[in-house]
């Protein structure tokens, strides 16, 4: 019972912890829409944000840490009933780690580039800063944080949701909610491919809607686990 409560609280703390800095970033940095702006404007706006913006990104990157032990503990509780639970745990923890790495570029890399961009009047140096940002953003953001990180998270969510429906640990609607949020979240992958594939059809709200539904689902799971005496099927 105590272990179940621990898992539940870790999930709630992790989900709410991610949501808070995310909301702040939408207010002070116009995230995530700003990612589609011109690079020079992004670097200038980031520079204007100063230390407050850097520490907000740091909080956003690290707020999901409680989810790591939550994934591991939940996986251990269920792995005797399904080998897929162990696979899901590895996928989920990997997804969280690469997302954190991707987000930390805003803490340790982008500030240097934004300072260089704003400080110089030399067009060639500004171009170099823009090219460097685009390269780091495409690798650390699009490839690691958004593609691999979100894809592994979607796989973890699908496996766990299907198992929840199968084992009837929680009310059926929770498992269905998880599947729906994962499918919508997966549609956001098209926007990532659109950065390199011409004329790629994109549903722009997919990332925002999918991630928001996922955080709500994680909170529901956390509350349900706390209220459940035994999460073993």
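The values are calculated or read from the model by the stated rules, or taken from the named source; none is laboratory data. All values derive from a computational prediction rather than experimental measurement. Glycine gets a Cβ as well: all are built from the backbone with ideal geometry, and neighbour counts include every protein chain shown.
Here residue 176 meets the list (1) within 20 Å of the chain's Cα centre (by Cα); (2) over 17 Å from residue 106 (Cβ atoms); (3) modelled with pLDDT of 95 or more almost entirely, failing just condition (1).
Please verify whether residue 79 is more than 30 Å from residue 164 (Cα to Cα) and free of Cβ contacts under 8 Å to residues at least 40 places away in the same chain, treating the condition exactly as stated. If you could, list the steps in order and put the result at the bottom.
Details: more than 30 Å from residue 164 (Cα to Cα): no; free of Cβ contacts under 8 Å to residues at least 40 places away in the same chain: yes.
When the stated conditions are applied, residue 79 does not pass them.
Return the only residue of 65, 43, 25, 58 being surrounded by fewer than 18 Cβ atoms within 10 Å (Cβ to Cβ), modelled with pLDDT of 95 or more and part of a helix (DSSP H, G or I).
Numbers: 65 fails: part of a helix (DSSP H, G or I); 43 fails: surrounded by fewer than 18 Cβ atoms within 10 Å (Cβ to Cβ); 25 fails: surrounded by fewer than 18 Cβ atoms within 10 Å (Cβ to Cβ).
One residue alone meets the criteria, 58.
Would you be able to tell me the number of residues in region 190-203 that are surrounded by fewer than 18 Cβ atoms within 10 Å (Cβ to Cβ) and in a helix (DSSP H, G or I)? Within region 190-203, residues that are surrounded by fewer than 18 Cβ atoms within 10 Å (Cβ to Cβ) and in a helix (DSSP H, G or I) number 2.
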